[in-house]
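Read through the structure below, which is laid out as structure tokens, and then see the notes.
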Amino acid sequence: MKTLTLAIPSYNSAAYLHRCLDSMLPFDDDLEVVVVNDGSSDDTSAIAHRYAEAHPGVVRVVDKPNGGHGSAVNAGLDAATGRYFRVVDSDDWLSRDALTALLGVLRGQDRLDLVVTNFVYEKEGRERRHAMRYRSTLPVGREFGWDEVGRFRPDQGMLMHALTYRTAVLRHSGMRLPEHTFYVDNLYAFLPLPYVQRMYYLDVDLYRYHIGRADQSVNEAVMLKRLDQQLRVNRMMIAALPSAGTTSKALQRYQVHYLGLVCGVSSIMLIRAGGREHLQAKRDLWRDLRAAHAPAHRRLRRSSIGQLVNLPGRTGRTVSVLAYRVAQAVVGFN
């Protein structure tokens, strides 16, 4: 059994798959790289197979019909033989020194359910980098449980890019991401958490998250076209949130916090869309959260994000969008 499987969901990734794979190859035999070609129409599959030929026993290729990012992650998890599992999107890459450090933590390990590392926003055309780190929130360099997790900043969450799960935890959770749906990385970072008990924070900048391409799913213009998928994922998270008292208080606190981040993004996008139907959809989203989880709704409505995205009237919506723009600038999205 390998120590770590890196799953690379890839759709028409010929322009940047080399960069992703070169950041993690060649490496030692503890590493497995599974490239999932999700029905690409370019040279993605041919590139992946050339790497598999050059790195036998390390790189494998799964060719499948197009099913979307979630489907590709599912296929990567099904194919994984590593004790631990991490997703690396094909337009992103890893720091080799940090990857070496991660493997050092994972080798011979079977207690840890989740290892958290930092990720860095790599904004196209910008030299300044913004890193998401957790030094003030998580104990550094040792095993810990949910009761030792501190409070996250309003803009801070453990996104998919930060997470290396024990493969058995993901499989035991029963997580299957929906097909032909964007923004499922939020489900990946949310659904398995009740099955996580033992964690470790390795304070290294491992993941390089490339942003700034016009066709990326996180581009605002693209998100406005896919609001239905953002809302679908948001509602799946509401449905999956454990009821208060069924998990530890610390885990419940974090999952409500993360759900609030996603509700905030959905709300801002609906405000940006601007139509009456969009504003009604925002009201419906918060109403449905209250109906499903009244305590979580109460807490989130009182939070800074909840208050900001629910300011009344046209002036309130203008303030909400301005605050969103400031937050974008801070992390380099603009």
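The values are calculated or read from the model by the stated rules, or taken from the named source; none is laboratory data. From a predicted model like this one, the values you see are computed outputs, not experimental measurements. Please note: Cβ atoms are built from the backbone with ideal geometry, for glycine as well, and neighbour counts cover all protein chains shown. Please note that ligands, DNA and RNA were not included when accessible areas were found on the heavy atoms of the full protein model with its side chains. Shrake-Rupley method; radii C 1.70, N 1.55, O 1.52, S 1.80 Å.
Based on the alpha-carbon gyration tensor of the stretch 125-175 and its eigenvalue square roots a ≥ b ≥ c, which shape applies: rounded if a/c is under 1.5, prolate if not and a/b is larger than b/c, or oblate?
Oblate.
Between L103 and L279, how many nm apart are label points set 7 Å from Cα along the C-beta direction?
The answer from the label model is 5.6 nm.
Starting from the Cα gyration tensor of the stretch 172-289, take the square roots of the eigenvalues, sort them a ≥ b ≥ c, and report rounded, prolate or oblate (rounded when a/c is under 1.5, otherwise prolate if a/b is larger than b/c, else oblate).
Details: a/c = 2.03, a/b = 1.29, b/c = 1.58.
In terms of gyration-tensor shape, oblate.
Calculate the length of the line joining the C-alpha centroid of the stretch 243-261 to that of the stretch 171-196, in whole Å.
16
Keeping the other protein chains in place, figure out the carbon and sulfur percent of the accessible area of the stretch 33-160, with a 1.4 Å probe.
47
If you take the Cα atoms of the chain, find Rg, then find the Kirkwood Rh from the mean of 1/r over all pairs, what is Rg/Rh?
Using Cα coordinates only, the ratio equals 0.95.
Identify which of S71, S90, S248 has the largest mean-square fluctuation in a Gaussian network model of the chain, with springs joining Cα atoms closer than 10 Å.
S248
Below 12 angstrom from the Cβ of L163, what's the summed charge of the other residues (Lys, Arg +1; Asp, Glu -1)?
Neighbourhood net charge equals 0.
Heavy atoms only, probe 1.4 Å: what % of the accessible area of the stretch 191-290 goes to carbon and sulfur, would you let me know?
Values: 2080 of 4200 Å².
The nonpolar share, carbon plus sulfur, comes to 50 percent.
State the Cα centre-to-centre distance between the stretch 101-161 and the stretch 20-68 in whole Å.
If you average the Cα positions of each part, the centres end up 26 Å apart.
Using the Cβ atoms and a cut-off under 13 Å, what net charge is assigned to the surroundings of L94, where Lys and Arg are +1 and Asp and Glu are -1?
Taking every Cβ under 13 Å from that of L94, the sum is -3.
What figure, in Å² to the nearest 10, do you get for the accessible area of R283 with a 1.4 Å probe and non-protein molecules left out?
About 130 Å², ignoring ligands and nucleic acids.
Need the list of lysines near K282 for cross-linking: C-alpha distance under 18 angstrom, and skip anything on the same chain fewer than eight residues off.
Partners within reach: K225.
How many Å² of accessible area per residue for the chain, probe 1.4 Å?
Details: 14240 Å² over 334 residues.
Solvent-accessible surface per residue comes out at 43 Å².
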